[in-house]
Each structure stands twice: as C-alpha cells, then as structure tokens.
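A.B. asks: Let me give you the structure first, and then I'll get to my questions.
The values are calculated or read from the model by the stated rules, or taken from the named source; none is laboratory data. Because the structure is predicted, anything quoted here is derived from the model rather than measured. All Cβ positions, glycine included, derive from the backbone under ideal geometry; neighbour counts span all protein chains shown. Side chains included, ligands, DNA and RNA excluded: accessible areas come from the protein's heavy atoms. Shrake-Rupley method; radii C 1.70, N 1.55, O 1.52, S 1.80 Å.
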There are 2 protein chains.
Amino acid sequence: MEKPLILVTNDDGITAPGLRALVRYMKEIGDVVVVAPDSPQSGMGHAITLDNTLYSKKVTIDTENGGTEEYSCSGTPADCVKLALQELLDRKPDICVSGINHGSNSSINVIYSGTMSAAIEAGIEGIPAIGFSLCDFSWDANFEKAGDAIKRIVREALDKGMPQGVVLNVNIPKLEGKEYRGIKVSRQARANWKEKFDKRISPMGKEYYWLTGEFELLDKGEDTDEWALANDYISLVPTQFDLTAHHAIQNINNWNLHE
Amino acid sequence: MEKPLILVTNDDGITAPGLRALVRYMKEIGDVVVVAPDSPQSGMGHAITLDNTLYSKKVTIDTENGGTEEYSCSGTPADCVKLALQELLDRKPDICVSGINHGSNSSINVIYSGTMSAAIEAGIEGIPAIGFSLCDFSWDANFEKAGDAIKRIVREALDKGMPQGVVLNVNIPKLEGKEYRGIKVSRQARANWKEKFDKRISPMGKEYYWLTGEFELLDKGEDTDEWALANDYISLVPTQFDLTAHHAIQNINNWNLHE
C-alpha cells in the first residue's frame, strides 16, 4: 500500500525546531515533503503575495534517515501551500500539517495565525489539514512530549477523514514535571488582546511604535480551548473557513435595508 | 446630540479613491477620523506587525468641508485599527467602516481580505464594523452609485446595533447602465481559487513566480453572496470571528483520541 503523502509547513520558518520535530513525527507515518517560509512569518494571518514575486528553492536541511524533500519559499505560509499544491508536489497530499508553532494559536489567536492560515489554505483546497502549536514561545521549547498525541491525531484524521470545510487547530500546553491529561475537543474561547503601543523616538528623531499587548480571556466556559489548556489538556478545535454568522441572518433581515 | 464617531480605514492605502468616497459618505452621518495604511495592503489577510516598528503620521488629504482628521500608518489594516483605538482616537468610535475596496471580497476572498481584517479587528474590540467592497478592481471605479446603499447600511447598523461577535461584509456589484435591485442578506458562497503560478527567469538567471489564479465557484445556492452579486444585488454577509465549526465537535469526539 502506498504511504500517505504528508505536506509539512509552518510560519516560524523552515529551520525552526518545531517544524523539525513535526517532520520527524510525520516520517513515522508517511512520505514527507516540506514547503515552508525561508524566514519567520508570525502574525501574518492569511496574507498572500499578490504584488510581489515569489522565490522557491530546494534545500537540504535534515540528513537523518535518508533526508527529506524540502523547499524553502520567500512567501507567506498560505503562499507555501499554494505553491506546494500547484507547482512542487507530484500528487495531491493526503494531509497537510502546519507547525509545530512556537507559541499558542488558541482562542482569538487563530485569526492572526500564520500556522493556521497554512492549514486553512489546504482545507480550502479540499485537503485534510491540521495546525499544531505549543504554548511556549522559546526557540528551544520541548517538542518531544507532544509527539505521541500529534501522531495519534494525524493517524485518526487520515483514518476517519475530515468533516467538509473543517480543519483542526491543535494547541498543546507547556507542561513541566507532569503529563497531559488527554486531548479535548473544544470551541474557540472568546478573548481579545488589550493592546499597548510602546511609543519611542528613533535616533533620527522620528516617533515610532512597538505593538505589545495582554491577552484578555472573556469566556468562563469549560468547553473552550483556553479551559482545556489551563487544565493540562491538549485542545483540538474544529475550525471552519465559512465565516458566515448564519444565526445572525434572520436578525439582520429585520433591518430596514429597502427603500 | 453628539454625532457618532466613525473610524474609516481600508487596505488599498489612504489615498485610494474608494476610501475618499467612503469618507465623503460618512461625513454626512457623523464625525470622521481616518487611520489607513500609507501603502496598498491588498491580500494581507489578518496580518499584524509583530517583529517590526510602526510609523504613523497626521496627514492632510481632503480639504473639502473643513478637512478631515487623518493618520497614515506604515502597518497593515489590522494594525491601523489597533493603533486608532489605542493611541489616536480620543474616544471609542461608534462604528468602524473599511473600504470601499477596489475589488470583490465576496465568498472565500473574505479570508484573504485586508479590508475585512480591519473590520474584524474592530469587531473583536466590540465595535460595530462593516467592510465595503466594489467588484471593480480599477483605480477609477465608479463609487458614486453605491453611496445611498452604503449610508443606509451604516445608519441601520448605528440604529439597530450589531449582533455580538458579528461584522458585516458588504459587496457591491459593478453595474453599468442599470440599477441595483436592492440589498440581500446572504451567506458566504463556497468557492476557491485555482492557482496558477507564472514561472519566469530573472535577468540574474534566478527562477521566480507570480501568483495568478481563477476564481472557482463551487456553490449553486441562491442564498449566497455570489448569487446576489450575479443578480445585481448588493450582498451583505454577517461574518463572525469565532471560527469554531460547532457542528463538527460531535463528529470529532467519535475519533479515537484517547489511549
């Protein structure tokens, strides 16, 4: 039987340790091709490159176990997936996995997430897709502990198939000295960021800002991804790219929109 | 009575004719402040500027009717909204309008849309928000025809209030020699882009790509935004930023995710 073809990408860049860990896990499951940004793309949301050229080159990074077919790309995570599907892969992949992101993409962070935009792009193209994120921003985060859970989720997705129009947003808590309590299917918690702009003056006398902020959870539900993570579970949110607020259609039909 | 405060932004840049038209319409309704990108940001999705500095400056563009308070910003549309709310405005705006985009943001285009990311950013912050797009990419598109409908929608939103967690994605068909048939509350049509990469060789001998593509409608529904636009209606899709596929939670709970 042919092994599944697994497209691996991310938003932290092709050399990120989180991607390297994900490649290692995926090679236990199938044939892996990596197409990932040549530089970090965090916070890129679902950006695509419309007004600029894209470069891509075949690169050799891993040499373990016969190496891996890998391409770096000058574009965003969504660009990487488009280029992979259209130009670089010989056949349609059986699944696309993105990550492991260095940092959380739970709750409202999904909106800003390059990791999830790659998964969503694959989902739009009808390919089962999963974004994985570890709630630890450090470059040398420990990605080993989550390996078994990640493989289990990917195997189940390959086996059971993905519901139409759905991709998975998997977030993994940072645990030290204890074990995950399991995987919890969750909903996206309501939250936002309380921005603060750090205003400074450049050496040339020009004002500029750094965007900083604090995460503000607005949701006490015990069925949310934030609750799961705070309680040592891996959260798994089925995520859709039909953004229609179907429940609001009737409400807005009561507006006076006609002359 | 205090006039409503209206934040105007876009993704085509602060000098775009679509934004100028929107400013003109909004000044009939309330007090307007513009905070918009200093350069075009199409296709930026919900990108935010994390690893770079942001510049903003007060600019004078319109001088009609006493001029308008305006700020250009070096960041993305989402950055503009964050900066406006946190740093530039004296009080919370009553509504945020984004556009008028030069080009459609209907159907799956909402995912890639800088115009809509600005509206969504405002929505996350609890501000009623609407993105407006005209299905005409040209710089000198005719934005006049849609003025009455745009004002009607904004006035209704101010009057009736926005359902929680919802922003509006309004798309306006390009009509010549005929009139709009009305405003139709719609759902996002299923569609994708069939990408084609135009591969070229640079003068330096390096391969590069341009991303091009064709829109592929996968949805025959007569309740979609694409149907509305094709039938000379202005489409209005209530759009949410809770991406949870609630209907899929039960399905995925049947997966074998436990040891």
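A.B. asks: Can you list the HN-Hα couplings for region B:176-185, worked out from phi with the Karplus curve (6.51, -1.76, 1.60; θ = phi - 60°), rounded to whole Hz and with x for Gly and Pro?
C.D. replies: After applying 6.51 cos²θ - 1.76 cosθ + 1.60, I find 10, x, 8, 9, 4, 7, x, 10, 10, 6 Hz.
A.B. asks: Averaged across A:228-237, how many Cβ atoms of other chains sit within 10 Å of each residue's Cβ atom?
C.D. replies: That works out to 1 on average.
A.B. asks: If ligands, DNA and RNA are left out, what is the accessible area of B:Arg20 with a 1.4 Å probe, given in Å² to the nearest 10?
C.D. replies: Around 30 Å² of this residue is reachable by solvent.
A.B. asks: I want the antiparallel fraction of DSSP beta bridges within the protein assembly as shown, as a percent rounded to 5.
C.D. replies: Counting DSSP beta bridges with both partners in the protein assembly as shown, the antiparallel share is about 45 percent.
A.B. asks: Mind telling me which of B:Lys206, B:Lys178, B:Lys27 comes out most flexible in a GNM of chain B, alpha-carbon contacts under 10 Å?
C.D. replies: So, out of B:Lys206, B:Lys178, B:Lys27, the one fluctuating most is B:Lys206.
A.B. asks: Sorting B:Asp90, B:Asp38 by accessible area (1.4 Å probe), largest first, what list results? Walk me through the numbers before you get to the answer.
C.D. replies: Details: B:Asp90 160, B:Asp38 85 Å².
Largest accessible area first, the residues go B:Asp90, B:Asp38.
A.B. asks: Further, regarding this structure: Summing Lys, Arg as +1 and Asp, Glu as -1, what charge do residues with Cβ under 12 Å from the Cβ of A:Arg24 carry, A:Arg24 excluded? The partial results should precede the final answer.
C.D. replies: Working: positive: A:Arg20, A:Lys27, A:Lys151; negative: A:Glu28, A:Asp62, A:Glu64, A:Glu144.
So the environment of A:Arg24 carries a net charge of -1.
A.B. asks: Starting from a label point 7 Å past Cα on the Cβ side, list the distances from A:Gln86 to the same position in the other copies, nm, shortest first.
C.D. replies: Spelled out, the distances from A:Gln86's label point are 3.4 nm.
A.B. asks: Please list, or write none, the aspartates and glutamates whose alpha carbon is within less than 16 Å of the alpha carbon of B:Lys184, excluding same-chain residues fewer than 8 places away.
C.D. replies: A:Glu259, B:Asp148, B:Glu156, B:Glu222, B:Asp223, B:Asp225, B:Glu226, B:Asp232
A.B. asks: So, one more: Along each principal axis of its Cα atoms, how long is chain B end to end? Whole angstroms, biggest number first, please.
C.D. replies: Extents along the principal axes, in whole Å: 62, 54, 53.
A.B. asks: Using only protein heavy atoms and a 1.4 Å probe, report how much of A:Glu64 is accessible, in Å² to the nearest 10.
C.D. replies: Ignoring ligands and nucleic acids, A:Glu64 comes out at about 110 Å².
A.B. asks: With a 1.4 Å probe and all protein chains left in place, how much accessible area per residue does region A:12-69 have, in Å²?
C.D. replies: Ligands and nucleic acids excluded, the result is 43 Å² per residue.
A.B. asks: A further question on this structure: Spin-label point model (7 Å from Cα, Cβ direction): what's the A:His246 to B:Asn231 distance in nm?
C.D. replies: For A:His246 paired with B:Asn231, the spin-label model returns 2.0 nm.
A.B. asks: OK, next. Could you pull out the chymotrypsin sites (Phe, Trp or Tyr not before Pro) across region B:78-157 that fall in loop regions by DSSP (anything but H, G, I, E, B) with no more than 15 other Cβ atoms inside 10 Å?
C.D. replies: Counting only loop positions with at most 15 other Cβ atoms within 10 Å, the chymotrypsin sites (Phe, Trp or Tyr not before Pro) in region B:78-157 are B:Phe137, B:Trp139.
A.B. asks: Express the relative contact order of chain A as a whole percentage, based on alpha carbon pairs under 8 Å and six or more residues apart in sequence.
C.D. replies: 17
A.B. asks: Shifting gears a bit: Quick one: accessible area per residue over region B:121-259, 1.4 Å probe, rounded to a whole number of Å²?
C.D. replies: On a per-residue basis, region B:121-259 sits at 50 Å².
A.B. asks: Something else now. List the accessible area buried at the contact between A and B, summed over both sides and calculated with a 1.4 Å probe, in Å² to the nearest 100. Walk me through the intermediate numbers first.
C.D. replies: On the way: alone 14590 and 14600 Å², together 21730 Å².
Buried area (both sides, nearest 100 Å²): 7500 Å².
A.B. asks: Let me cross-check B:Glu144: its accessible surface, 1.4 Å probe, with only protein heavy atoms counted, in Å² to the nearest 10?
C.D. replies: Approximately 110 Å² for this residue.
A.B. asks: What number comes out for the charge environment of B:Ala36, summing +1 per Lys or Arg and -1 per Asp or Glu over other residues with Cβ under 14 Å away?
C.D. replies: Spelling it out: positives minus negatives among the neighbours equals -4.
A.B. asks: Averaged over B:54-62, how many beta carbons belonging to a partner chain fall within 10 Å of each residue's beta carbon?
C.D. replies: 2
A.B. asks: Taking every residue in A:189-199, how many Cβ atoms of other protein chains lie within 10 Å of its Cβ, on average? Please report the intermediate quantities before stating the final value.
C.D. replies: On the way: counts 2, 5, 1, 6, 5, 2, 10, 3, 8, 1, 3.
If you average over the peptide's residues, the count of other-chain Cβ atoms is 4.
A.B. asks: Normalised by the empirical 2.2 N^0.38 Å for globular proteins, what value does the Cα Rg of region B:38-138 take? Please report the intermediate quantities before stating the final value.
C.D. replies: On the way: Rg = 13.7 Å, N = 101, 2.2 N^0.38 = 12.7 Å.
Cα Rg divided by the expected 2.2 N^0.38 Å: 1.07.
A.B. asks: Where the eigenvalues come from the Cα gyration tensor of region A:154-224, what are the semi-axes √(5λ) of the equivalent ellipsoid, largest first, in whole Å?
C.D. replies: One finds semi-axes of 38, 17, 15 Å for region A:154-224.
A.B. asks: Where does region A:101-207 land on Rg/Rh, using Cα atoms and the Kirkwood Rh?
C.D. replies: Numbers: Rg = 17.3 Å, Rh = 16.0 Å.
Value, to two decimals: 1.08.
A.B. asks: Given a 1.4 Å probe and every protein chain left where it sits, what share in percent of the accessible area of region B:18-69 is carbon and sulfur? Intermediate results must be reported in sequence, preceding the final value.
C.D. replies: Working: 990 of 2310 Å².
Of all accessible area on region B:18-69, carbon and sulfur atoms account for 43 percent.
A.B. asks: Name the residue, out of B:Ala36, B:Ala228, B:Ala191, whose mean-square fluctuation peaks in a Gaussian network model built on chain B with Cα pairs under 10 Å.
C.D. replies: B:Ala191
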